[in-house]
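The values are calculated or read from the model by the stated rules, or taken from the named source; none is laboratory data. Nothing here was measured: the structure is a model prediction, and the numbers come from that model. Note that each Cβ is placed from the backbone with ideal geometry, even for glycine, and that neighbours are counted across all protein chains shown. Ligands, DNA and RNA are stripped out before the accessible areas are found, and what is left, the full protein with its side chains, is counted by its heavy atoms. Shrake-Rupley method; radii C 1.70, N 1.55, O 1.52, S 1.80 Å.
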Amino acid sequence: GFFLPQVLNEKKLQEVDSLWKEFETPEKANKIVKLKHFEKFQDTTEALAASTALVEGKLSKNLKKILKKIVAKDAHEQLAVADAKLGGVIKDKLNLSCIHSPMVTELMRGIRSQIEGLITGLPSREMAAMCLGLAHSLSRYKLKFSPDKVDTMIIQAISLLDDLDKELNNYIMRCREWYGWHFPELGKIITDNLTYCKCVRKVGDRTNFASSDVSDILPEEIEEDVKAAAEISMGTEVSEEDINNIIHLCDQVIEISEYRTQLYDYLKNRMMAIAPNLTIMVGELVGARLIAHAGSLLNLAKHPASTVQLLGAEKALFRALKTKRDTPKFGLIYHASLVGQTNTKNKGKISRMLAAKTALTIRYDALGEDTSAEMGAENRLKVETRLRLLEERGLRRISGTGKALARTDKYQNKSEVKIFDPSGDSTLPAVSKKRKIQEVEEQDAEVAVKAKKFKAEMKEETTVEDAEPVKKKKKKKDKEKQAEAEE
């Protein structure tokens, strides 16, 4: 039911951080708030309707009557509301002053923790059972929507399809490698994987190819090549048990391939039922991957065209932003047929235009009531027209009717008078005025060597001049000694 408490001590509510201490026990909680009014629900349906209205921020009829009766008497007091949106509705319709603050949030949390002590005469076991039943009913109500718009099935189907492709690829490669030890030439002759497995399952040992009829699986020319290769095969001999295991593996591959085909048809039908315009624009596989990547069709409809263009390339986008390089031009939308048939130069332009038109079709499918696919066909035609104009490399006008060819100017030959240059007749080597760095360095080295030689010669001359007076003194001394000896 509706529980309306009244605050007794407003001073203690000012301390928001320590307000939880006042609700540790039921006795403390009764000192802060008391029961003002309690209106019981008649059944679960009424409780579900009231809960749904509160969750959506609406004012139900029962709550409106209670507020008119009880709160109108104390119109001068404020009404604490946990939801600001609901408080605005109450203020507009009943002209009551409502308050919403962190203090109110803490107060509501405290009341919720001691709700059993504040409401007397209600066992805790019954209250827990009622809360559980109401929670289940509310969850069931939220999940109740049109089964035709269930995009969860698409998400599961495309995820399973991708898983089947991976497993099927692993199984086929294992089968080819396993049987290749026995008959290696068969893998080069039969390129189709499913045909290869069917042929192996029907024949078994390669010696049986000569007596077996596989015309229902292979064309005549290929059948003759296979029989000729089986007679001169270089493969090893294997036992019958090995062949049986290979045949079991082929059975698995064929069964998974058939189930994949069935799952693809189911996905195609679901996509045409839920998002027909999106399917026409980009195809059922790309459309299903876009829905799975966004989480749901409604979430995908909330994305702008630029996000739709780059869905699936988030890692490359953030890497480009981090390294300051060119951002990617397309994500999952790259696998659409319109982008695939464009040349490399125009892929970015077409992917941008395709993402813009795809965003419109997604919103039309998710939020529109009409289930026709006319809008998708019109937008696809516009993109194809733009693609054709880009492929013709500007020969046609993009603006206007687009039918007239672009005019080209008439070619006029302009002759130029050239004068003979006599400088080319000289046979002398042209010497540049600027000296090279090596020449300058060589000249500097020669100057340095000459300076060293000059210094060395100067030193020798000074030593010779110093030595001459010493010799003259010796000669005088010798003459004096000779004169003394003669005397």
Inset, instruction - Anything over 28 Å Cα to Cα? Flag those among Lys34/Lys69; Lys31/Lys93; Lys21/Lys93; Lys188/Lys268, in the order listed. - result: Lys31/Lys93; Lys21/Lys93; Lys188/Lys268
Inset, instruction - Give Lys36/Lys91; Lys40/Lys91; Lys58/Lys357 a once-over and call out the pairs whose C-alpha atoms are over 29 Å from each other. - result: Lys58/Lys357
Inset, instruction - Hey, can you find the accessible area per residue of region 150-259 for me, probe 1.4 Å, expressed in square angstrom? - result: 58
Legend entry - Relative contact order of region 150-259, defined on C-alpha pairs under 8 angstrom at six or more residues apart (%): 38
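Quick one: divide the alpha-carbon radius of gyration of region 239-354 by 2.2 N^0.38 Å and tell me what you get.
Values: Rg = 19.5 Å, N = 116, 2.2 N^0.38 = 13.4 Å.
Dividing the Cα Rg of region 239-354 by 2.2 N^0.38 Å gives 1.45.
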Inset, instruction - Would you mind calculating the relative contact order of region 275-393 from Cα pairs under 8 angstrom and at least 6 residues apart, reporting the percent as a whole number? - result: 38
Inset, instruction - First compute the accessible area of region 275-393 with a 1.4 Å probe, then give the percent of it belonging to carbon and sulfur atoms. - result: 53
Inset, instruction - Describe numerically, in nm with one decimal, the distance between label points set 7 Å from Cα along Cα→Cβ at Lys40 and at Lys459. - result: 12.7
Inset, instruction - With a 10 Å radius around each residue's Cβ, average the other Cβ atoms per peptide and rank 182-194, 166-178, highest first. - result: 182-194, 166-178
Inset, instruction - Using only alpha carbon pairs under 8 Å that are at least six residues apart, calculate the relative contact order of region 2-143 and give it in whole percent. - result: 27
Inset, instruction - Please get the size of the charge dipole for region 2-143, origin at its Cα centre, with Cβ charges of +1 on Lys and Arg and -1 on Asp and Glu, quoted in debye to the nearest 20. - result: 440
Legend entry - Evaluated at q = 0.09, 0.14, 0.18, 0.22 Å⁻¹: base-10 log I(q)/I(0), Debye formula over Cα of region 2-143: -0.29, -0.74, -1.25, -1.58
Inset, instruction - Measure off 7 Å from each Cα along the Cα-to-Cβ vector at Arg109 and Thr327, then give the distance between these two points in nanometres to one decimal. - result: 3.9
Inset, instruction - Rounding to the nearest 20 debye, state how big the charge dipole of region 150-259 is about its Cα centre with +1 on each Lys and Arg Cβ and -1 on each Asp and Glu Cβ. - result: 180
Inset, instruction - Compute the Cα gyration tensor for region 150-259, then decide on rounded, prolate or oblate, letting a ≥ b ≥ c be the square roots of its eigenvalues: rounded whenever a/c is under 1.5, prolate when a/b is larger than b/c in the other cases, and oblate in all that remain. - result: prolate
